[in-house]
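Report on the structure given below.
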Amino acid sequence: MKPLSVEISGFRAWGKGPTTVSFPEGVIALTGDNEVGKTSLIESIMWCLYGAAAMREKQEGLIHEGLRDMSVVYEFAASGPLIKVTRRYTLAGKTTLTLEILGVDVTAATIKEMSALIEGLVGPYEVASRSWYSPQERGKLFFEANPAERRDVFGQALAIPESWATWHNKAKAQLAKYQRTAETDGLRLQDFGE
């Protein structure tokens, strides 16, 4: 998933809004001082894509103090097409969820069905929470670790069950198998580096 922009209104510290954040080409991390909204920005995207299931608290607690509703519009590219997801929630308990792919509205009978469509595009919450969305404590572990520990943290984030060395050796063995097959067909694959 390649993030393009997120428009936030009434979500946590982001205030009434709307506030639009555009992601530059190749962005891989958000950094900044404490209490500037980095975590809220990522949580707004997670809420937009996965709803209440992605949050540690009830949706009512996500609405900026003094407001009665919130919305997040997230635009991204997934395997090519431009996708736009919009989720709105009001203190009256009403949720709306819309999906556009290449500017065409996609319809579903229920929020649950629409959520399943979105999850089919971006993967399940469990995968997102281990890969592209890394809470601060996991990021801190990563940056303070030595190279071997970093590989293990990365492997845990991607739910790789083996150690990095085991996984790496399996990948090298698989590449060697493909190399032998390719050579019998007159092809040559690039060597797999360490």
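The values are calculated or read from the model by the stated rules, or taken from the named source; none is laboratory data. This one's a predicted model, so the numbers in the text were calculated from it and none came from an experiment. Every residue, glycine as well, gets a Cβ built from its backbone with ideal geometry; the counts of neighbours run over all protein chains shown. Protein only, heavy atoms only, side chains kept; ligands, DNA and RNA dropped before computing areas. Shrake-Rupley method; radii C 1.70, N 1.55, O 1.52, S 1.80 Å.
Observations, loosely collected:
- Portion, in percent, of the accessible area of the range 66-116 that falls on carbon or sulfur, probe 1.4 Å: 55 percent
- The range 1-107, relative contact order in percent, only Cα pairs under 8 angstrom and at least six apart counted: 27 percent
- Calculated accessible area for the range 1-126 comes out at 56 Å² per residue, all protein chains present (probe 1.4 Å; ligands, DNA, RNA ignored).
- Counted charge near Ala77, where neighbours are those whose Cβ lies closer than 13 Å (Asp, Glu -1; Lys, Arg +1): -1
- The label-point distance for Glu57 and Ala109, in a model that sets each label 7 Å from Cα toward Cβ, rounds to 3.6 nm.
- The H on the amide N of His64, modeled in the peptide plane, is under 5 Å from the matching H of Phe11, Arg12, each at least 5 residues off or on a different chain.
- Reachable lysines from Lys84, criterion Cα separation under 25 angstrom, eight or more residues apart if same chain: Lys2, Lys16, Lys38, Lys58, Lys94, Lys112
- The modelled label-to-label distance between Thr19 and Tyr178, using points 7 Å beyond Cα along the C-beta direction, is 4.4 nm.
- Mean silhouette area of the range 14-107, derived from the convex hull of its C-alpha atoms and averaged over all directions, reads 7.2 nm².
- Principal semi-axes of the equivalent ellipsoid, √(5λ) from the alpha carbon gyration tensor of the range 74-133, are 20, 16, 11 Å from largest down.
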